[in-house]
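Peer 1: Before I ask anything, here is the structure I am working with.
The values are calculated or read from the model by the stated rules, or taken from the named source; none is laboratory data. A quick note: this is a predicted structure, and the numbers were derived from the prediction, not measured. Note: ideal-geometry Cβ built from the backbone for every residue, glycine included; neighbour counts use all protein chains shown. Quick note on the areas: whole protein, heavy atoms, side chains included, nothing else; ligands and nucleic acids left out. Shrake-Rupley method; radii C 1.70, N 1.55, O 1.52, S 1.80 Å.
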Amino acid sequence: MTRLNTNQWLAVVLLAFSVLYLGFAWQVPAFPLPRPVDSDLFPKVLGFILAFLSVLLFFEKPAIQEASDEPEDATQQGPFWLSPWGRVVITSLAIAAYALLLVPLGFVLASTLLSVGLTLYYGYRRHSINLAASLSVVLGLYLLMTKVMDVYLPTGVLPF
Amino acid sequence: MEAFNNLMYGFGIALEPINIAYVFAGVFAGTIIGMLPGLGPISALALMIPITFSMEPSSGLILMAGVYYGAIFGGSTSSILLNAPGVAGTVATSFDGYPMAKKGLAGKALAIAAYSSFVGGTVSVIFLMLVAPLLSKVAVSFGPPEYFALMVLGLTAVVSLSDKSLVKGLIAAVIGVMISIVGIDLQTGTERFTFGSAHLLDGIDFLVVALGIFALAEVFYMLLRGGGGKEAPRNAIGSLKLSRPEMREIAGPVGRSSVLGFFTGVLPGAGATIGSFLGYSMEKRIAKDGDTFGQGNIKGVAAPEAANNAACTGSFVPLLTLGVPGSGTTAVLLGALLVMGINPGPMMIEQRPDVFWGVVASMYIGNIFLLVLNLPLIPLIAKILDLPRPLLLSMILIFCMIGVYGLSFSVFDLLLLLGFGLIGLGMRLFGFPAAPLILALILGDLMEESMRRALQISGGDWGIFLEKPISLALLAVALFSLSAPVIKKRLKREVIDT
Amino acid sequence: MPSLSIKRLSVLALPFAAFSAIAGQVQAQEWTPDGSVEFIAPANPGGGWDTLVRTMSRVIQQEELADENYAAINVPGGGGAVAWAQIARDEGNPQKLFATSPPMILVPLAGASRYDHTDFTPVARLITDYSIVLVDADSDYQTLEDLLNAMEEDPGLSVGGGSAPGSMDHISIAGLASAAGLDAAAVNYIPFSGGGDAMTNLMGGHIEAVITGAGESVGQLGEGSQLRALGVSSEERLGGELAEIPTYKEQGVDYTFDIWRGVMGTPDMPEEAVSYYENLFAEMLETDGWQEARDQLGWLDAYQDSEAFGAFLDDQQALFSNVLSELGLLGE
């Protein structure tokens, strides 16, 4: 057995997904009143099309990847959290944390923390500019949304 | 001549100092709202209803219309600079606008967007003025079978939008349709793929997907590529000036897309987003250098920008002549008009000429304001690209998240945004094009809905799609546009063979 | 999500609460809100709930009926279910209100919300709208009877409405058909994305009839209209531009249908708060500002206090579940 190429293992993943999707499509309940086309038809057709396309993908020759698309050279140096993939993972975690802390902390505090924190983490060392820029953008948006547009944003622990 | 007299009458109203002030305030506010992702014209207008309540109806509508087309005008800015579409109608602008900005041509891209928007807006006001009453017939002639055919035609663009691998483009499109049908099925009230979550009942908002797959994925991609400054040339804005050949090059696309966009806007339910996609894919097919679309082709900025502004104006046709809102935004406008004591409908042009012609005239003025306002602002706004890379990245993130939260006030949507950002990153790394997914996301559920509605009316008879002339014609065009490249290739081969 | 900010408010308010408890013993039992009141529209900006909430908070402010701010907050999702789930967690909070209408009954009946109207405190019913049956102006159907007869002969006759099957417009037409002796489940109801969408399709001749809100259709009727109204679901004829349209009852079908809108509060809202809001809203209905807005929006006053509104809601639930079970659409 030869090693699967990129397209082939992508095809396997997509095929698995389409099978899963079809499984859910079959659970869409039928509507009690007669309908020429019920809610389940489209999902079923989509599932089959995706399965068929993933078979086609399996046999498609992968395009030659541009060398620059592979960030391999950078992965060797430094701890994981400073590597390219580490940056993606940490940024994702920061976004998730932001989502969960937005309401308890309030909009202004959470957004400023995220902005200042990420900028720092990405390697910007001029702290005063960082803080000033983040605060002004966040406060500007906050005032625009709450005062001008009358949209409610969570205030959290700060009094505004 | 009559149109001219009416227009003069309209200008008489629109040029009153107070109304000039309203036009300016409207387009200015609209531009800002449009630039900020997530702060769309819908919520802005809904929030303005109390303000316009006590106004003269013509002034109120002049102000609100200004916000609406101003937002579509301004939406291109963040699409081009940050790959973060400010409003749904400007997603297609980012396909070529953002690559241009990356090449250091941000200024030129923004200038093209401004000129094209201006032309699109102005051409469509002329149409609105001359043929609005006649067009109300066109708007109602589109029933469910016709919409189905239109959506099918729109979806054939997937072929031209998937540049490297057709299979990957189609896979992206199928996934786009899959996303579009999440939520309550309007035809039956059945929940599909909600997994019991109330947050998914209304489906997944288009802008959450677009911001995730474009803006957030772009941030992730930059992080992955080291985040260094190697891609950002200094003085990244470039010149605003267009050369004569460039002007000539975009003239055709802008003209065609203005007309196409206007008629798309006239159809209730189609609107600026679909208009801009149709304009983009039409030009990509027509252009000799169509394969460079997506890499920063100026026509790829001009076409969707002309189309979305034209469609925005076009959407006033069903609103004002039928009293029927064609989109969420015009639905809010209709509500506002009712509050002001105006009943839009077939009789409105005769009963309240001041409102109709006043607004039409104000649109000419508003478009000029937008151009004059935006051109000098371009170098200023484009300075955002000069920010140090780390600061710029976290600003884009903040903008996306505030935008998404402002749409639905839902923490759940923020997590969805993250999910789509990661999916978008994966798609980029593995060479799946994002445009077909977005296109299918917009058209997919409309296609399903209109197909099933048509069959419900016909009692399950599929012939309904072929019996209606408009639907038949659209389906034929769709078939032709799919088969044309194949036939062309075969013809070429035969020529070579003989 | 706003529950936390309320918690914060109540921490700040503690000393005041102690003070007012003492003051309360001296004065009469007059309750007033402490700080701004959260007034939730369980939908996006622009819809019926949102319009009600924003109109009310504007009138209350303009007419200076209360010192406190009524802050309009949009909590969209699930046809209201997202907001209801959130409000249900905020038991006893006297400063959280929300706009409500028939989906408050219908969505839970369809099994799409864990909470129904009995989980919340009715405050007041305020206004109502009615259903209206429309056909094309060139159509052969001159009266409601013509249309109902045609529906009996041809069950495939398409009737468009502005909402999903099992929701307001569908219930309204199915109930009408049932009252006229037809099979409710046989009505070929075609759901569109809104009343306006349905009316456009009617003008284009794509469907035969439309059922929608009378208020929504006002702009389409009158001189030179492309549509003809066959009947309204009210008890008596409506006023203004709709005065010439006969009711169902006049045409021999004993059936009425209300599209009511009102205000409800958190579960177990304190009685003194409920009666404060009852009085406030009753007072609001009398103001010029309200009456002007009401007329322009095509609403009709239909005030009921908390108790009457509660009983009304129970009746509505019984009525709707009858129609839904006749249709076979009752959720489990």
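Peer 1: In terms of modelled amide H atoms, which long-range or inter-chain residues lie less than 5 Å from the amide H of residue C:260?
Peer 2: When sequence neighbours closer than 5 places are left aside, the close amide H contacts are C:129.
Peer 1: Could I have the simple spin-label model distance between residue C:36 and residue C:322, label points 7 Å from Cα toward Cβ, reported in nm to one decimal?
Peer 2: Result for the modelled spin labels: 4.5 nm.
Peer 1: Note every residue of segment B:2-45 with a reduction of at least 50 square angstrom in accessible area, all protein chains present versus the isolated chain, computed with a 1.4 Å probe, or write none.
Peer 2: B:39
Peer 1: So, in Å, what gap is there between the alpha-carbon centers of segment B:446-460 and segment B:145-186?
Peer 2: Value for the Cα centre distance between the two parts: 17 Å.
Peer 1: Kindly flag which residue pairs out of B:103/B:164; A:44/B:299; B:164/B:383; B:168/B:284; B:164/B:241; B:103/B:241 have an alpha-carbon separation exceeding 27 Å in this structure.
Peer 2: Values: B:103/B:164 21 Å; A:44/B:299 38 Å; B:164/B:383 34 Å; B:168/B:284 19 Å; B:164/B:241 32 Å; B:103/B:241 16 Å.
Result: A:44/B:299; B:164/B:383; B:164/B:241 exceed 27 Å.
Peer 1: Using a 10 angstrom cutoff on alpha carbons, build the Gaussian network for chain C and name the most mobile of C:120, C:98, C:192.
Peer 2: C:192
Peer 1: Within chain B, which is the longest segment that contains none of the trypsin sites (Lys or Arg not before Pro) sitting in a DSSP loop with at most 14 other Cβ atoms within 10 Å?
Peer 2: Here the longest run is B:289-498.
Peer 1: Between chains C and B, what is the buried accessible area summed over both chains (1.4 Å probe, protein heavy atoms, nearest 100 Å²)?
Peer 2: 3300 Å²
Peer 1: What value, in deg cm²/dmol to 500, does the helix sum -39500 (n - 2.57) over DSSP H runs of n ≥ 4 give at 222 nm once divided by the residues of chain A?
Peer 2: It comes out at -20000 deg cm²/dmol, rounded to the nearest 500.
Peer 1: Which of the peptides C:109-119, B:210-220 is most tightly packed, and how do the rest follow, judged by the mean count of other Cβ atoms within 10 Å per residue?
Peer 2: Per-residue Cβ counts within 10 Å, averaged per peptide and sorted highest first, yield B:210-220, C:109-119.
Peer 1: Which ³J(HN,Hα) values in Hz, rounded to whole numbers, follow from the phi angles of segment C:255-265 under the Karplus curve 6.51 cos²θ - 1.76 cosθ + 1.60, where θ = phi - 60° and Gly and Pro get x?
Peer 2: 7, 10, 8, 9, 9, 7, 9, x, 10, 10, x
Peer 1: Would you mind listing how long segment A:6-64 runs along its three principal axes, going by Cα atoms, in whole Å with the largest first?
Peer 2: 52, 17, 12
Peer 1: Take every DSSP beta bridge with both residues inside chain C and express the antiparallel ones as a percent of the total, to the nearest 5.
Peer 2: Values: 25 of 41 bridges.
Around 60 percent of the beta bridges assigned by DSSP in chain C are antiparallel ones.
Peer 1: I need the calculated FRET efficiency for the pair residue C:116 and residue B:225, taking r as the beta carbon distance and R₀ as 45 Å, to the nearest 0.05.
Peer 2: After rounding, the FRET efficiency stands at 0.25.
Peer 1: Going by a ≥ b ≥ c, the root eigenvalues of the Cα gyration tensor, does segment C:129-257 fall in the rounded group (a/c under 1.5), the prolate group (a/b larger than b/c) or the oblate group? Don't skip to the answer; put the middle values down first.
Peer 2: Working: a/c = 1.31, a/b = 1.10, b/c = 1.20.
The shape class here is rounded.
Peer 1: Give me the compactness ratio for segment C:221-332, meaning the Cα radius of gyration over 2.2 N^0.38 Å.
Peer 2: 1.35
Peer 1: Same structure, new question: Give the relative contact order (percent, whole number) for chain B; include only Cα pairs under 8 Å separated by 6+ residues.
Peer 2: 29 percent
Peer 1: Distance between Cα centroids, segment C:104-165 to segment B:13-44: provide it in whole Å.
Peer 2: 38 Å
Peer 1: At 222 nm, what value in deg cm²/dmol follows for chain B if DSSP H runs of at least 4 each add -39500 (n - 2.57) and the sum is divided by all its residues, to the nearest 500? Please report the intermediate quantities before stating the final value.
Peer 2: Values: 22 runs with 361 residues, N = 498.
Computed ellipticity for chain B at 222 nm equals -24000 deg cm²/dmol.
Peer 1: May I pose another question? How well do other chains shield peptide B:165-172, expressed as the mean number of their Cβ atoms within 10 Å of each residue Cβ?
Peer 2: The shielding value for this peptide is 6.
Peer 1: Quick query: amide H of residue C:228 versus all other amide H atoms, modeled in the peptide plane; which residues come in under 5 Å with a sequence gap of 5 or more or a different chain?
Peer 2: Answer set, sorted by chain and number: C:135, C:136, C:137.
Peer 1: Follow-up question, since we're still on this one. Segment C:32-79: which GluC sites (Glu not before Pro) are DSSP loop and have at most 13 other beta-carbon atoms within 10 angstrom?
Peer 2: Counting only loop positions with at most 13 other Cβ atoms within 10 Å, the GluC sites (Glu not before Pro) in segment C:32-79 are C:64.
Peer 1: For residue A:87, what accessible surface area do you get with a 1.4 Å probe? Give it in Å², rounded to 10.
Peer 2: 40 Å²
Peer 1: What's the average, rounded to a whole number, of partner chain beta-carbon atoms within 10 Å of each residue's beta-carbon in C:198-209? Could the numbers behind the result be given before it?
Peer 2: Working: counts 1, 4, 14, 9, 2, 8, 9, 3, 13, 5, 1, 0.
Per-residue shielding by partner chains comes out at 6.
Peer 1: How many angstrom separate the Cα center of segment B:272-326 from the Cα center of segment B:377-391?
Peer 2: First find each Cα centre; the distance between them is then 27 Å.
Peer 1: For chain C, modelled as a GNM with alpha-carbon contacts under 10 angstrom, which of C:263, C:218, C:135 fluctuates the most?
Peer 2: C:218
Peer 1: Then there is this: Name the residue, out of C:89, C:58, C:237, whose mean-square fluctuation peaks in a Gaussian network model built on chain C with Cα pairs under 10 Å.
Peer 2: C:89
Peer 1: Then there's this: Output the DSSP H helices from chain B with an along-axis C-alpha extent of no less than 20 Å and a mean Kyte-Doolittle hydropathy no less than 0.0.
Peer 2: Answer set is B:17-35, B:57-82, B:106-141, B:166-180, B:244-266, B:271-286, B:298-314, B:353-382, B:389-408, B:411-429, B:435-458, B:469-497.
Peer 1: Would you grab the residues whose amide H sits under 5 Å from the one on residue B:324? Only those 5+ places off in sequence or on another chain, please, with H modelled 1.01 Å from N.
Peer 2: Distant-sequence amide H within range of residue B:324: B:319.
Peer 1: Then there is this: When a/c is below 1.5 the answer is rounded, else prolate if a/b is larger than b/c, else oblate, so apply that to segment A:78-148 with a ≥ b ≥ c taken from the square roots of the Cα gyration tensor eigenvalues.
Peer 2: oblate
Peer 1: Taking K and R as +1 and D and E as -1, what net charge do the other residues with C-beta under 15 Å from the C-beta of residue B:59 add up to?
Peer 2: -2
Peer 1: Within 10 Å of each Cβ of B:144-153, how many other protein chain Cβ atoms are there on average?
Peer 2: Numbers: counts 8, 1, 2, 2, 0, 0, 0, 0, 0, 0.
Average neighbour count from other chains, rounded to a whole number: 1.
Peer 1: Quick one: what are the phi-derived ³J(HN,Hα) couplings along segment B:185-200, Karplus 6.51/-1.76/1.60 with θ = phi - 60°, whole Hz, x for glycine and proline?
Peer 2: 7, 4, 6, 9, x, 7, 7, 10, 6, 9, 6, x, 8, 5, 5, 9
Peer 1: If r is the Cβ-Cβ distance from residue A:63 to residue A:85 and R0 is 30 Å, what FRET efficiency results, to the nearest 0.05?
Peer 2: 0.85
Peer 1: Rolling a 1.4 Å sphere over the protein heavy atoms, what is the accessible area per residue of segment B:2-497, to the nearest Å²?
Peer 2: Details: 16090 Å² over 496 residues.
About 32 Å² of surface per residue is accessible.
Peer 1: Using a/c under 1.5 as the rounded threshold, could you call chain A rounded, prolate or oblate? The axes a ≥ b ≥ c are square roots of the C-alpha gyration tensor eigenvalues, and prolate needs a/b larger than b/c, oblate otherwise. Each step should come with its number before you reach the end.
Peer 2: Details: a/c = 3.48, a/b = 1.38, b/c = 2.52.
Taking the square roots of the gyration eigenvalues as a ≥ b ≥ c, chain A is oblate.
Peer 1: Show me the three semi-axes of the equivalent ellipsoid for the protein assembly as shown, from the C-alpha gyration tensor (sqrt of 5 times each eigenvalue), largest first, rounded to whole Å. It would help to have the intermediate numbers written out before the result.
Peer 2: Details: eigenvalues 367, 250, 177 Å².
After scaling each eigenvalue by five and taking roots: 43, 35, 30 Å.
Peer 1: So, counting K/R as plus one and D/E as minus one, what does the shell of residues with Cβ under 13 Å around residue B:254 add up to?
Peer 2: Summing Lys/Arg as +1 and Asp/Glu as -1 gives -1.
Peer 1: Then there's this: To check you understand DSSP bridge types, tell me what percent of the beta bridges within the protein assembly as shown (both residues inside) are antiparallel, rounded to 5.
Peer 2: DSSP beta bridges in the protein assembly as shown are roughly 65 percent antiparallel.
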